[in-house]
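S.K.: Below is a structure I'd like to ask you about.
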Amino acid sequence: MSNDTKTVVNGIATFISKENTPPDITITADDGSVSSVSRIFQRQSSQCANYVKNPASPQEGAGPRLGIDNRTPVSSSSGATALTQGTGTLTTIIEYLPVAEATYFEAVQNILTPSGIVAHYRLDESAAIAGSEGIRDSSGNGYTGTEQGTITYESTTLVTNGGTAVTLNGTDAFVDLGTGTEWNFINSIGTFTVSAWVDFTDPAAADIETVIGNAETVANSGFAIEFDSQVGNDFVRCVVFSNGSAIGVGGSLPADGVHHVVFTGDGSNVYYYLDGSLVDSTAATFVAEDATQSLTIGGNSGSNLWTGRIDEVTISNVFADGTTVTALYDKGTP
């Protein structure tokens with residue numbers, strides 16, 4: 001499929017791109033409203049009804065979706081009715097975000113620029129989608145995560161105009177993003193931004209809970225964002241290992257509730273922001289080296305697990321200055 005193919009389905013104009021290529025595609029309804037496409041994929045036409053959501057009788061997935069049978073329009077109307085199966089062997093399915101849900105996702109794309117986003121985990125899957133297709137990377141780079149343990153897929157979001165969030169149980173639940181070299185730029189180059197929305201509750205017992213991480217203290221590799229409630233600590237710690245040592249910034253634990261955490265670096269310094277405001281910064285020296293452990297959301301390589309909700313985790317190879325971080329926070333503030 002080409003990037004400039006335009007199709008109209010029941011008054012909805014769609015620009016079709018190749019499989020799994022999202023965000024610069026839009027769907028414009030006849031009332032003038034615009035929705036963003038989160039992903040495109042193909043399924044056998046005989047299975048289409050399983051992948052197109054009918055709100056009156058929900059099918060698999062988050063939807064709403066449109067179907068283009070052999071790149072030819074078939075019956076559908078902006079997610080209001082289920083797809084009428086075509087006669088071809090393959091149907092291209094376009095999954096898009098309703099206008100009310102698109103704003104924060106689009107804001108991240110616009111503020112950080114799509115070219116700088118390495119991975120974006122909206123964490124808005126249904127249990128069925130997560131089980132069959134994994135935890136989706138909305139950046140289009142295909143860094144799909146794998147659910148581990150018991151993850152609860154919520155019906156609510158932590159951000160304004162977001163999708164939905166996940167709840168992790170602090171016992172066995174996290175998202176495994178693997179040990180690929182795609183994450184090494186964080187501790188090797190030092191120009192990065194890692195951000196997430198979290199619902200924090202200070203645990204009654206001393207604990208370390210990790211938002212995201214693959215830090216390994218023996219090999220001095222990787223990075224982590226941790227909430228440490230151990231006796232004498234009570235702080236948020238953002239640490240990256242490079243040049244044989246730990247480079248850390250942080251601040252006091254926030255009050256219970258929803259917060260936006262950002263760990264970012266410009267190659268010479270690292271910074272920690274909480275809810276749009278700079279908390280701490282320090283100088284840093286980076287050398288090229290590989291992380292040795294799996295990167296996980298809701299844990300540090302599967303340990304020090306998070307208890308509670310997490311939403312909209314973004315990993316970028318660009319530095320976010322104060323204006324950028326504030327913009328990200330303002331767009332998502334509950």
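S.K.: Out of the stretch 203-233, which residues are outside any strand (DSSP E or B) and under 21 Å from the mean Cα position of the chain (by Cα)?
M.R.: Asn214, Ala215, Gly222, listed by residue number.
S.K.: Right, here's the next one. Regarding the stretch 179-190, can at least one residue be identified that is in the same structural domain as Ala283 (by TED's automatic domain parsing) and touching a helix residue (DSSP H, G or I) at 6+ places or on another chain (Cβ under 9 Å)?
M.R.: No, the stretch 179-190 contains no residue that is in the same structural domain as Ala283 (by TED's automatic domain parsing) and touching a helix residue (DSSP H, G or I) at 6+ places or on another chain (Cβ under 9 Å).
S.K.: If you don't mind, another one. What's the number of the only condition in (1) under 20 Å from Tyr273 (Cβ atoms); (2) out of contact with any His (no Cβ under 8 Å at 6 or more places or on another chain) that Trp197 fails to meet?
M.R.: (2)
S.K.: Now, a different point. Here are some conditions: (1) touching an Asp or Glu at 6+ places or on another chain (Cβ under 6 Å); (2) within 20 Å of Leu158 (Cβ to Cβ). Cys238 meets all but one. Which one does it not meet?
M.R.: (1)
S.K.: Considering each of Gly299, Gly248 in turn, give the residue that is out of contact with any helix residue (DSSP H, G or I) (no Cβ under 9 Å at 6 or more places or on another chain) and under 20 Å from Val118 (Cα atoms). Let's see the steps before the verdict.
M.R.: Numbers: Gly248 fails: under 20 Å from Val118 (Cα atoms).
Of Gly299, Gly248, the one residue that is out of contact with any helix residue (DSSP H, G or I) (no Cβ under 9 Å at 6 or more places or on another chain) and under 20 Å from Val118 (Cα atoms) is Gly299.
S.K.: Continuing with this model, one more query. Would you mind stating whether Gly180 is within 26 Å of Ile208 (Cα to Cα) and modelled with pLDDT under 90?
M.R.: On the way: within 26 Å of Ile208 (Cα to Cα): yes; modelled with pLDDT under 90: yes.
Yes; evaluated as a whole, the condition is true for this residue.
S.K.: So which residues in the stretch 167-189 are closer than 21 Å to Ala255 by Cα and either of a type in the set (Gly, Ala, Ser) or surrounded by fewer than 24 Cβ atoms within 10 Å (Cβ to Cβ) (or both), if there are any at all? Before the answer, list the steps.
M.R.: Initially, the stretch 167-189 is screened for residues closer than 21 Å to Ala255 by Cα, giving 167-170.
Answer for the stretch 167-189, where residues must be closer than 21 Å to Ala255 by Cα and either of a type in the set (Gly, Ala, Ser) or surrounded by fewer than 24 Cβ atoms within 10 Å (Cβ to Cβ) (or both): Thr167, Asn169, Gly170.
S.K.: Additional query: Working carefully through the options Thr156, Thr164, find the one that is at pLDDT below 90, on the phi < 0 side of the Ramachandran plot and buried (at least 18 other Cβ atoms within 10 Å of the Cβ). I'd like the intermediate steps shown before the answer.
M.R.: Numbers: Thr156 fails: buried (at least 18 other Cβ atoms within 10 Å of the Cβ).
The conditions single out Thr164.
S.K.: Looking only at residues that are of a type in the set (A, V, I, L, M) and farther than 20 Å from Asp176 by Cβ in the stretch 209-239, which one is modelled with the lowest pLDDT? Even if it seems obvious, please write down each step before you answer.
M.R.: Within the stretch 209-239, the first condition is being of a type in the set (A, V, I, L, M), and the residues that meet it are 211-212, 215, 218-219, 224-225, 231, 236, 239.
Pick out the ones that are also farther than 20 Å from Asp176 by Cβ and you get 218, 231, 236, 239.
Numbers: Val218: 70, Val231: 63, Val236: 94, Val239: 92.
Looking at residues that are of a type in the set (A, V, I, L, M) and farther than 20 Å from Asp176 by Cβ, I get Val231.
S.K.: Got at least one residue in the stretch 190-201 being among the polar types (S, T, N, Q), surrounded by fewer than 16 Cβ atoms within 10 Å (Cβ to Cβ) and closer than 22 Å to Leu123 by Cα?
M.R.: Step one: of the stretch 190-201, the residues among the polar types (S, T, N, Q) are 191, 193, 195, 201.
If we keep only those that are surrounded by fewer than 16 Cβ atoms within 10 Å (Cβ to Cβ) as well, we get 201.
With the extra rule that they be closer than 22 Å to Leu123 by Cα, the set shrinks to 201.
Yes, there is a match, as at least one residue in the stretch 190-201 is among the polar types (S, T, N, Q), surrounded by fewer than 16 Cβ atoms within 10 Å (Cβ to Cβ) and closer than 22 Å to Leu123 by Cα.
S.K.: A follow-up question, please. Please work out which one of (1) in contact with a helix residue (DSSP H, G or I) (Cβ under 9 Å, 6 or more places away or on another chain); (2) modelled with pLDDT of 85 or more; (3) among the small types (Gly, Ala, Ser) is the condition Ala255 fails and give its number.
M.R.: Looking at each condition in turn, Ala255 falls short on (1).
S.K.: Looking at Ser195, is it assigned by TED's automatic domain parsing to the domain that holds Gly116 and either at pLDDT below 90 or over 26 Å from Gln109 (Cβ atoms) (or both)?
M.R.: Working: assigned by TED's automatic domain parsing to the domain that holds Gly116: yes; either at pLDDT below 90 or over 26 Å from Gln109 (Cβ atoms) (or both): no.
So Ser195 does not fit the description; no.
S.K.: How many residues are part of a helix (DSSP H, G or I) and on the phi > 0 side of the Ramachandran plot when one looks only at the stretch 172-189? Break it down stepwise before answering.
M.R.: As a first pass, look at the stretch 172-189 and keep what is part of a helix (DSSP H, G or I): 181-183, 185-188.
From what is left, the residues that are on the phi > 0 side of the Ramachandran plot are none.
Qualifying residue count for the region: 0.
S.K.: If you take the residues in the stretch 108-119 that are over 13 Å from the mean Cα position of the chain (by Cα) and of a type in the set (A, V, I, L, M), which one is farthest from Thr146 (Cα to Cα)?
M.R.: Among those residues, the one meeting the criterion is Ile111.
S.K.: Is it the case that some residue within the stretch 234-242 is over 26 Å from the mean Cα position of the chain (by Cα), assigned by TED's automatic domain parsing to the domain that holds Ile310, farther than 20 Å from Val258 by Cβ and not small (Gly, Ala, Ser)? Talk me through it step by step, then tell me what you get.
M.R.: If we filter the stretch 234-242 for residues that are over 26 Å from the mean Cα position of the chain (by Cα), which is where we start, we get 234.
Then keep just the ones that are assigned by TED's automatic domain parsing to the domain that holds Ile310; that gives 234.
After this cut, where a residue has to be farther than 20 Å from Val258 by Cβ as well, the list is none.
No: the stretch 234-242 contains no residue that is over 26 Å from the mean Cα position of the chain (by Cα), assigned by TED's automatic domain parsing to the domain that holds Ile310, farther than 20 Å from Val258 by Cβ and not small (Gly, Ala, Ser).
The values are calculated or read from the model by the stated rules, or taken from the named source; none is laboratory data. Small disclaimer: the values here were computed from a predicted structure and weren't measured. Virtual Cβ from ideal backbone geometry, glycine too; neighbours counted across all protein chains shown.
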